[in-house]
1. Give the average over all directions of the projected area of the C-alpha convex hull of the range 356-402, one decimal, in nm².
2. Just to check I understand the Karplus step: with θ = phi - 60° and J = 6.51 cos²θ - 1.76 cosθ + 1.60, what whole-Hz values come out for the range 309-325, glycine and proline as x?
3. Give the lysines reachable from residue 370 as a straight Cα distance under 28 Å; neighbours fewer than 8 places away on the same chain don't count.
4. Relative contact order for the chain using alpha-carbon pairs under 8 Å, separation at least 6, rounded to a whole percent?
5. List the lysines whose alpha-carbon lies under 20 Å from that of residue 219, not counting same-chain residues fewer than 8 positions away?
6. From the gyration tensor of the Cα coordinates in the range 341-423, what semi-axes in whole Å does the equivalent ellipsoid have, largest first, with each one equal to sqrt(5λ)?
7. Full extension from residue 372 to residue 287: what is 0.36 nm times the residue separation minus their Cα-Cα distance, to one decimal in nm?
8. Can you list residues from other chains, or at least 5 along the same chain, whose modelled amide H is less than 5 Å from the amide H of residue 444?
Amino acid sequence: MNATDETMHPVSYYIRTFGCQMNVADSVDYARILEGLGCVRAESEESGDILVVNTCSVRAKAEERAVSYLGRVIQQRTETKGPGIQTGHRGIAFVGCMATVRGQEILKRFPEVRTIIPARELDTFKERILRAWPELKESSGPDTYPLLRPEEKFERFLPIIRGCINHCTYCIVPSARGDWLVSKPPDEIFDEVEKLLDSGVKSITFLGQNVCAYGLEIKNSTQSGFDFADLLSGIRDRFSDRDVWFKFLTSHPRDVTEYLIDVIASHECFSRHFHLPIQAGDDAVLERMGRGYKSSEYIETIGMIRRKIPEMRLSTDLIVGFPGEDEDAFEHTLDVVRKLRFDQAFTFLYSSRSGTPAEKWADPVPQDVKKQRLQILIGIQNQIALENASSKIGEERTVLIEGPSMRSSEDGMVAGRTREEEVVVLPGTSDDYGRRLNVRLIDAKLRSFIGERTD
Ligand code: SAH
Ligand code: SF4
Ligand code: F3S
């Protein structure tokens, strides 16, 4: 029985997600909870009675995007009238990381926001929704996972650890999501993986702010236990004969062990992609960032990974313009980028976050100099990425097809991902969605390959 009003329309919901993969995964949980309360999925943000806005605070731009979205969507929602629109149920739930750090301000500024649900208090989602929409009632709800994006039929994110205790001095994430570590019990993860595989999922990405910290809160207090490498070997022992790839995000360089890389090397079911944020190449900057490694140690870790798994595709995150990063320090970052030749790098301009230690630190470097440096870094890295990608032309890959190619100029083309997390576009039809195809890479672009089928 759905939650209804006197005209028997079920209450509908729509979820708009900003931010990282963790938010994408959380939104699936929110959808499941809302459907358990009898709500049905709406076609659009304008028509949904309950609009859940799941937000990010990692940089100022992410927050600005959410605020301008709110303004725009509220305007559109007031103008949308018609059958099925039940003004009595209409309202917004402002959730996620920005709800932790700026929720009260948003609640005051936008009266349409009925409730805020901070990412730090994810467990209160249902309770807060019920308080804001008392007309909803618990029902048995679906046992299946609702699909928010079509490719979720085949590819899923699965959070395995919550929170972060690293306190990098620029970062809002520990205060937004929790400065603790809570690892999901292994049996729960095995059960979830089993369920996902039974439902046809073919690629599972384990998520955590630092997946390598999995189980450490228990290991540190009891001197024994089950860490991330143990989890992956458990996964391999149970599921490696199934048709699945296991991926994971994100890893902290300090916590990558040889044993972990040996476990990954031990089976083809594990992705050949490693995302290992370095953030900066200068030791003094790394120290002030509180990252817990020197650039030489990071370089050694990459060397170890490449020695054990030569085909590993490597990506990183880099921050430009951290307080006190002078020209020399920036050059050190460029040196490391040239030396390590990442296949992909996500480059960010430092954004001061309120309440973080770095917020208070003096920074004589003007913003336009930082922007120029960012452009220099992007130029160098793009060239490396394109050279790396071009060197792969002619190689064969297996591609899990996700759906149509996003570019409208590419009618009749489908897109998917390899085990190495490369995006490949190739001719195909909707019959191919969810299939693994054997493909040869025939052209390389900056962020994707063009492929042709080999069978
Ligand atoms: N837990 C993950 C992801 C953190 S956020 C990790 O530690 O890798 C993703 C990326 O955003 C970070 O790796 C960092 O490069 C960037 N970032 C975080 N805070 C930032 C800030 N204040 N300004 C600019 N970039 C930031
Ligand atoms: Fe932020 Fe550092 Fe934790 Fe990543 S490891 S979430 S950058 S504090
Ligand atoms: Fe993710 Fe943004 Fe929160 S990057 S953890 S949604 S601050």
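1. For the range 356-402, averaging the hull's shadow over all directions gives 6.7 nm².
2. Coupling constants for the range 309-325: 9, x, 7, 4, 8, 10, 10, 8, 10, 9, 10, 10, x, 5, x, x, 6 Hz.
3. Straight-line reach from residue 370, under 28 Å: 61, 294, 339, 360, 445.
4. 10 percent
5. Straight-line reach from residue 219, under 20 Å: 184.
6. 36, 17, 13
7. Answer, rounded to one decimal: 28.2 nm.
8. 450
The values are calculated or read from the model by the stated rules, or taken from the named source; none is laboratory data. Note that the structure is a prediction, hence the values are computed from the model and not measured. FYI the Cβ positions are ideal-geometry reconstructions off the backbone, even for glycines, and counts take in every protein chain you see. SASA here: full protein model, heavy atoms, side chains in, ligands and nucleic acids out. Shrake-Rupley method; radii C 1.70, N 1.55, O 1.52, S 1.80 Å.
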